[in-house]
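K.L.:
After the structure tokens below, expect a handful of questions from me.
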Amino acid sequence: MPESFFVLSKDYLELAIDEVIAISKMYDRFAKAKVISNLVIIQSKTNWNKITKRASFVKISGQILRKMSGLFLDEGNVEVLKNAKTFVCRIINLSSNQFNIPELERSMGDMISKFSHAKVELQNPDITVYLIFTDQENFFGFSKRISKKNRPKKIKNHPHELDWKLTRVMINLIGLKEGETVCDPFCGTGTTLLEAESMGVHAIGLDFDKKMYKISKENLKTNGYKSKVFKSDFQELSKISREFNGIVTDLPYGRASKASEKPEEIMEKFFSIPLKRKKMAIMYKKELGKNLKLKGIKKYEIYRHKSLTRTILIK
Ligand SMILES: C[S@@+](CC[C@H](N)C(=O)[O-])C[C@H]1O[C@@H](n2cnc3c(N)ncnc32)[C@H](O)[C@@H]1O
């Protein structure tokens with residue numbers, strides 16, 4: 001089974017690791033994962049590129065050619081360069097050892113040049129060959145040039161809007177596939193709807209505030225997206241529950257955004273809506289969830305500042 005590697009940013013490491021694993025399992029339920037610090041090795045029939053395109057916190061990724069016992073390269077290992085005109089070598093050092101990285105990259109490049117016709121090109125080469133050092137094992141891998149992620153445009157913003165990466169992570173953590181539908185009952189500026197559509201997931205948004213409803217509509221229109229938005233209270237959810245597979249939302253905190261009633265009351269009402277068999281990723285202010293004793297598959301804590309820690313609850 002092919003193996004891929006993903007080097008993750010350390011900003012929200014637990015979320016980042018779980019996201020890559022969730023995406024891999026969504027496409028191939030037999031996918032296996034191994035985590036070494038911020039490196040995730042996935043054994044799966046899904047191509048690394050497909051996983052990378054959906055993920056939010058992947059910095060570098062590619063396919064593993066083999067685990068290494070030493071620094072030996074031979075003709076077999078440079079087979080990937082067969083049709084490449086240009087390549088570059090990169091060392092990723094996640095181990096506690098110090099290496100002279102530029103020197104190593106240069107000598108690896110020289111070694112590869114002996115077996116391949118491809119020329120070294122530092123910027124934007126056809127193939128990047130990676131040597132990854134960790135304290136446990138070393139890996140030899142490669143990636144091909146990939147097109148940049150297609151990011152949705154947002155022409156209207158609002159201070160309460162959610163960070164696109166966290167929104168995307170939530171969609172991925174509940175494993176919504178392309179063609180399925182997500183609902184955001186507090187859609188605000190439409191971040192969930194935009195991220196979902198950019199990944200091929202359909203979306204439905206609700207917001208009781210006319211201003212937010214309009215902003216969402218405009219943001220969708222700019223991108224030519226077709227998600228439905230309704231100016232409506234979140235309690236309408238139960239009436240449309242057959243139209244979506246999962247919920248991704250960020251509940252009102254009572255700051256910056258308008259709220260129909262106290263945020264605590266909204267939360268209580270929201271969690272009492274019977275929504276069976278729906279996957280859910282719900283973000284809320286940690287403090288507001290204390291009395292509700294909410295249970296789920298997993299909770300993540302996102303620290304913002306002294307008086308704001310948010311929870312992401314996966315149900
Ligand atoms: C924290 S903001 C969501 C921000 C959104 N994720 C974004 O990225 O723009 C909460 C939203 O809930 C909406 N809201 C408050 N009470 C509501 C209710 N009863 N029904 C539906 N939406 C409501 C507010 O208008 C606000 O847009």
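K.L.:
Output the residue which, of all residues in segment 135-156 that are modelled with pLDDT of 90 or more and among the polar types (S, T, N, Q), is farthest from the ligand (Cβ to nearest atom).
P.N.:
Out of the qualifying residues, it is Asn138.
K.L.:
I'd like the full set of residues that are exposed (fewer than 13 other Cβ atoms within 10 Å of the Cβ) and closer than 15 Å to Asp233 by Cβ, limited to segment 259-281. Break it down stepwise before answering.
P.N.:
Here is the first cut: in segment 259-281, the residues exposed (fewer than 13 other Cβ atoms within 10 Å of the Cβ) are 261-262, 265, 272, 274, 276-277.
Hits for segment 259-281 are Glu261, Lys262, Glu265, Ser272.
K.L.:
Condition first: part of a loop (DSSP other than H, G, I, E, B), within 15 Å of Lys59 (Cα to Cα) and either out of contact with any strand residue (DSSP E or B) (no Cβ under 7 Å at 6 or more places or on another chain) or basic (Lys, Arg) (or both). Now tell me which residues in segment 13-47 satisfy that. Spell out the reasoning first.
P.N.:
Of all residues in segment 13-47, those part of a loop (DSSP other than H, G, I, E, B) come to 28-31, 37-38, 44-47.
Subset that is within 15 Å of Lys59 (Cα to Cα): 37-38.
Within segment 13-47, just Ser37 meets the criteria.
K.L.:
Cβ-Cβ under 7 Å, sequence separation 6+ or interchain: first residue in segment 203-222 and part of a helix (DSSP H, G or I), partner basic (Lys, Arg) and more than 8 Å from the ligand (Cβ to nearest atom). Which pairs?
P.N.:
Lys210/Lys231; Tyr213/Lys231; Ile215/Lys156; Glu218/Lys156; Asn219/Lys154; Asn219/Lys156; Thr222/Lys153
K.L.:
Kindly indicate whether Ala196 is assigned to a strand (DSSP E or B), at pLDDT 95 or above and outside the structural domain of Ile36 (by TED's automatic domain parsing).
P.N.:
Values: assigned to a strand (DSSP E or B): no; at pLDDT 95 or above: yes; outside the structural domain of Ile36 (by TED's automatic domain parsing): yes.
No, not satisfied.
K.L.:
Scan segment 235-248 for residues that are out of contact with any Lys or Arg (no Cβ under 8 Å at 6 or more places or on another chain) and either more than 19 Å from Thr191 (Cβ to Cβ) or within 7 Å of the ligand (Cβ to nearest atom) (or both) and report the count.
P.N.:
Keep residues of segment 235-248 that are out of contact with any Lys or Arg (no Cβ under 8 Å at 6 or more places or on another chain), which gives 236-240, 242-243, 248.
Right, trim to either more than 19 Å from Thr191 (Cβ to Cβ) or within 7 Å of the ligand (Cβ to nearest atom) (or both) and you get 236, 238-240, 242-243.
Qualifying residue count, segment 235-248: 6.
K.L.:
Can you tell me which residue in segment 242-271 is nearest to Lys211 (Cα to Cα), limited to those that are hydroxyl-bearing (Ser, Thr, Tyr) and modelled with pLDDT under 95? Working first, answer last.
P.N.:
Just the residues of segment 242-271 that are hydroxyl-bearing (Ser, Thr, Tyr), to begin with: 249, 253, 257, 260.
Checking the rest, the ones that are also modelled with pLDDT under 95 come to 253, 257, 260.
Numbers: Tyr253: 18, Ser257: 11, Ser260: 14 Å.
So the residue we want is Ser257.
K.L.:
Can you pull out every residue in segment 284-315 that is of a type outside the set (Val, Ile, Thr) and in a strand (DSSP E or B)? So that I can check it myself, show each step before the final result.
P.N.:
Filtering segment 284-315 down to residues of a type outside the set (Val, Ile, Thr) leaves 284-296, 298-301, 303-308, 310, 313, 315.
Result: Tyr284, Lys285, Lys298, Lys299, Tyr300, Glu301, Tyr303, Arg304, His305, Leu308, Arg310, Leu313.
K.L.:
Take the residues in segment 1-15 that are in contact (Cβ under 8 Å) with a residue 60 or more places away in the chain, closer than 22 Å to Asn138 by Cβ and not polar (S, T, N, Q), then tell me which one is surrounded by the most Cβ atoms within 10 Å (Cβ to Cβ).
P.N.:
Phe5
K.L.:
So, one more: Specify the residue that is farthest from Pro152 (Cα to Cα); the eligible residues are those in segment 173-206 that are away from the ligand (no atom under 12 Å from the Cβ) and in contact with a Pro (Cβ under 8 Å, 6 or more places away or on another chain).
P.N.:
So, considering only residues that are away from the ligand (no atom under 12 Å from the Cβ) and in contact with a Pro (Cβ under 8 Å, 6 or more places away or on another chain), the one farthest from Pro152 (Cα to Cα) is Glu197.
K.L.:
Within segment 282-295, is even one residue within 9 Å of the ligand (Cβ to nearest atom), of a type in the set (A, V, I, L, M) and surrounded by 20 or more Cβ atoms within 10 Å (Cβ to Cβ)?
P.N.:
So far as segment 282-295 goes, yes, one or more of its residues are within 9 Å of the ligand (Cβ to nearest atom), of a type in the set (A, V, I, L, M) and surrounded by 20 or more Cβ atoms within 10 Å (Cβ to Cβ).
K.L.:
Checking Asp209 against (1) over 22 Å from Leu8 (Cβ atoms); (2) buried (at least 21 other Cβ atoms within 10 Å of the Cβ); (3) within 7 Å of the ligand (Cβ to nearest atom), which test does it fail?
P.N.:
(2)
K.L.:
For segment 207-231, what are the residues that are of a type in the set (Gly, Ala, Ser) and over 23 Å from Pro159 (Cβ atoms)?
P.N.:
Gly224
K.L.:
Now, a different point. For segment 249-273, which residues satisfy the criterion of being near the ligand (Cβ under 9 Å from one of its atoms), in a loop (DSSP other than H, G, I, E, B) and hydroxyl-bearing (Ser, Thr, Tyr)?
P.N.:
Scanning segment 249-273 gives Tyr253, Ser257, Ser260.
The values are calculated or read from the model by the stated rules, or taken from the named source; none is laboratory data. Just so we're clear, the structure is a prediction, and the values are computed from it rather than from any experiment. We place every Cβ from the backbone using ideal geometry, glycine too, and count neighbours over all the protein chains shown.
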